[in-house]
Amino acid sequence: MEFCKGCGVSCCSHYYIPLSAVDVFLISTRGWDDFLFIEEKGKDDGNCFKIKGKNYALRMKKRVQGGCVFMNENGSYCCGIERCKPSVCAAYPFKRKDGKIVMMENRVCPAGRKPTKRDLKEAEGVLRNYEYEWGLHRRMAARWNGSFLSRHGWPELFIPYAMVQMNLWKIAKMLGRVEK
């Protein structure tokens, strides 16, 4: 996002980045692997998939010294997978609140940094994609949660399940059977 260029703060070193099934699909189909881990969660935040009654979420791995595994190592804090970065990263530090685009309260952006009208317009498109992708993830997780695999499987099975679902969605979209 243009707003973030030249910021100088490494926001991706402050958080464990949540991944949607769409994020995993987009990143893995570009040849990257070993970038995610499955975290057991106590409470379902609406994005979890279940295994034997326990809640799990997909997260981006961090380097030993901190920071996202895809963060460029040249000190620029730029994303190494800009074209397919996770939707939560693309949307950061913006969110939608009461129908308006606002900056998150707990952001790590430098103090006094204010978005321009152009930044807010760019954020609108990014947030629309974010909301769509996470909606798709939640639908996929809900289908999974009602399945035999959820009751009797193990967490690592969710990834191939989600990849198959994404490929089916991609085919349906190519055939004109799905709208974005």
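General remarks:
- Scanning the range 52-64 for residues being outside any loop (DSSP other than H, G, I, E, B), surrounded by fewer than 16 Cβ atoms within 10 Å (Cβ to Cβ) and in contact (Cβ under 8 Å) with a residue 40 or more places away in the chain gives a total of 0.
- Among the residues of the range 129-166, those identified as of a type outside the set (A, V, I, L, M), touching a helix residue (DSSP H, G or I) at 6+ places or on another chain (Cβ under 8 Å) and touching a residue at least 60 places away in the same chain (Cβ under 8 Å) are E133, W134, H137, W144, S150, F158, Q165.
- Consider the range 123-170 and keep the residues that are of a type in the set (S, T, Y) and in contact with a Lys or Arg (Cβ under 8 Å, 6 or more places away or on another chain). The one that is farthest from P18 (Cα to Cα) is S150.
- At least 3 residues being surrounded by 15 or more Cβ atoms within 10 Å (Cβ to Cβ) is the threshold, and among the helices (runs of 4 or more DSSP H) wholly inside the range 65-180 those reaching it are 87-91, 117-145, 158-174.
- Which numbered condition L26 fails, given (1) farther than 21 Å from M166 by Cα; (2) part of a helix (DSSP H, G or I): (1)
- The residues on offer are G31, G46, and the sole one that is surrounded by fewer than 16 Cβ atoms within 10 Å (Cβ to Cβ), over 19 Å from Y130 (Cα atoms) and out of contact with any Gly (no Cβ under 7 Å at 6 or more places or on another chain) is G31.
- Members of the range 109-134 found to be in contact with a Ser or Thr (Cβ under 8 Å, 6 or more places away or on another chain) and not hydrophobic (A, V, I, L, M, F, W, C), listed by number: N129, Y130, E133
Here, each number is a calculation from the coordinates, and none is a lab measurement. From a predicted model like this one, the values you see are computed outputs, not experimental measurements. Backbone-built Cβ (ideal geometry, glycine too); neighbour counts: all protein chains shown.
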